[in-house]
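Everything below concerns the one structure shown next.
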Amino acid sequence: MNTLIQNVTALLPDGTTDVVNIAITNDEIFSVGDVPDDFIAQKVIDGTKHFAVPGFVNAHTHASMTLLRSYADDMKLMDWLQQMIWPIEAKLCSDDIYWGAMLAAAEMIRSGTTTFADMYGPDMERVAEVVEISGLRGVLSRGLIGLAPDAEKKIDENVYLYENFHGTADGRITVMFGPHALYTCPPDYLKKVAEKAQALGAEVHIHMSETIGEVEDCMKKYGKRPFAHVASTGLFENGTLAAHCVHLDDEDIDIIKKYHIRVVHNPGSNMKLASGTAPVPRLLAEGVCVALGTDGASSNNNLDMLDEIQLTALLHKVNTLDPLAVPALTAIKMGTEYGAQALSLPHIGKLQKGDKADIVLFSMHGVEWTPCYHPASLLAYAAKSSSIDTVMVNGSLLMENGALTTLDEERILYEAQRVADRLTK
């Protein structure tokens, strides 16, 4: 179907914000600017007083953890994991994973996320089902815990996920391998994961250097810092998405650059868990691809990528005492274009001809948009995701005029609450 978004203020790849027409053919952007004479639209969307941006890319999350939102707050990371999160996660069944991911999908669509990278436990095929139904774009990994009694089975499950779901849902599903972290995956296990991933041509999604304790423990146990240790297992040979990367030294950054590792910055989660502040300005200055993620909703506590864009723009200014540390446009690109690069998705993240039609429209009728001197700055410093009224992925509308079109939101809220009540009683 041909769709035309008329007279919309659009964030273009060069950072300018012009009033344009966006013509869409099937799943791609056909043109940005004037409408070609031979383009006939079956659907027209009035973009007047709206701001069009590429769909947000949540490059690191644990979708079904929406079920644990605010279940355990104000705790240190390892206490939070070991005492509260892991025990209740052990109770999760297949339907729980499904409804938790459905709740996440509804939240992400409402807040403008069109692509998400999810690492979680068993039954990731249920998350793939959610991707199929919702219309979102998903990069899925089976979370691998090498210390578990069924560690080998978990690798087999990730292989199954790749062989059966990679490239499905009209190409909207990508599968990676998800070794959780070096402190849950011994080196021999990481080597096995590396070999399996390499044999299939799959990339890897892993947590790295999130806390000082993680770095110190790695030094004591292996005599190396985390990046040097994991590099010795061969895991970085496959293409790597590394979440957090808070505590880095020169050697770590050299390894990140050597293996072209893409970093996912999670400012909300890192701030809440007091993990520290990642050296984002330096990474960007040295040419490292830095994307943004929310992490799970039990450590954030939402999946709103606009929050992460705003936190990124502000956090690094105050941390470096430099108001230019991460400008508004850079923060937005981290949540869109750079996120797409981090997930190895070459045709999303920009509003340009030939790219996938993953588009979000913000209504600029609200008080936070008035007056409107610089739309991109307003997006990074003033806007709220509640002003989003239209979300499109692959040219299909997932939300129109503020209403979800692919999901039964009332049913999702009921089922998610029912699951949460059973898990925590």
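Points worth noting:
- Pairs with Cβ under 7 Å, 6+ apart, first in the range 73-101 and free of Cβ contacts under 8 Å to residues at least 60 places away in the same chain and at negative phi, second among the charged types (D, E, K, R) and assigned to a helix (DSSP H, G or I): S94/R126; I97/R126; Y98/R126; Y98/E129; A101/R126
- Residue within the range 58-70 that is under 23 Å from G354 (Cα atoms) and touching a Gly at 6+ places or on another chain (Cβ under 8 Å) present: yes
- Selection count, the range 125-171, where residues are among the β-branched types (V, I, T), out of contact with any strand residue (DSSP E or B) (no Cβ under 9 Å at 6 or more places or on another chain) and within 21 Å of P187 (Cβ to Cβ): 0
- Qualifying strands (runs of 3 or more DSSP E) (wholly inside the range 1-100; at least 3 residues being more than 21 Å from N401 (Cβ to Cβ)): 17-25, 28-33, 56-61
- Test: residue in the range 89-105 that is open to solvent by 60 Å² or more (accessible area, probe 1.4 Å) and at pLDDT 95 or above: yes
- Set M84, M1, M78: member being more than 30 Å from E214 (Cβ to Cβ), at pLDDT below 95 and of a type outside the set (K, R): M1
- Inclusion of A194 among residues that are assigned by the TED database to the domain that holds D252, among the hydrophobic types (A, V, I, L, M, F, W, C) and free of Cβ contacts under 8 Å to residues at least 12 places away in the same chain is not warranted.
- Answer from T330, T424, T336, T370 - the residue that is open to solvent by 30 Å² or more (accessible area, probe 1.4 Å) and in the same structural domain as T66 (by the TED database): T330
- Looking across the range 169-178, the residues that are open to solvent by less than 60 Å² (accessible area, probe 1.4 Å) and outside any loop (DSSP other than H, G, I, E, B) come down to A169, G171, I173, T174, V175, M176, F177, G178.
- Being free of Cβ contacts under 8 Å to residues at least 40 places away in the same chain, closer than 15 Å to D307 by Cα and crowded, with 17+ Cβ neighbours inside 10 Å is a description that does not apply to S377.
- The requirement of being within 20 Å of the chain's Cα centre (by Cα), at pLDDT 95 or above and surrounded by fewer than 24 Cβ atoms within 10 Å (Cβ to Cβ) is satisfied by D307.
- Per the conditions (1) on the phi > 0 side of the Ramachandran plot; (2) open to solvent by 30 Å² or more (accessible area, probe 1.4 Å), the sole criterion not satisfied by E400 is (1).
The values are calculated or read from the model by the stated rules, or taken from the named source; none is laboratory data. Predicted, not measured: the structure shown is a model, and the values here were computed from it. Cβ sites come from the backbone with ideal geometry, for glycine too, and all protein chains shown count toward neighbours. The area values use the complete protein model at the heavy-atom level, side chains included, leaving out ligands, DNA and RNA. Shrake-Rupley method; radii C 1.70, N 1.55, O 1.52, S 1.80 Å.
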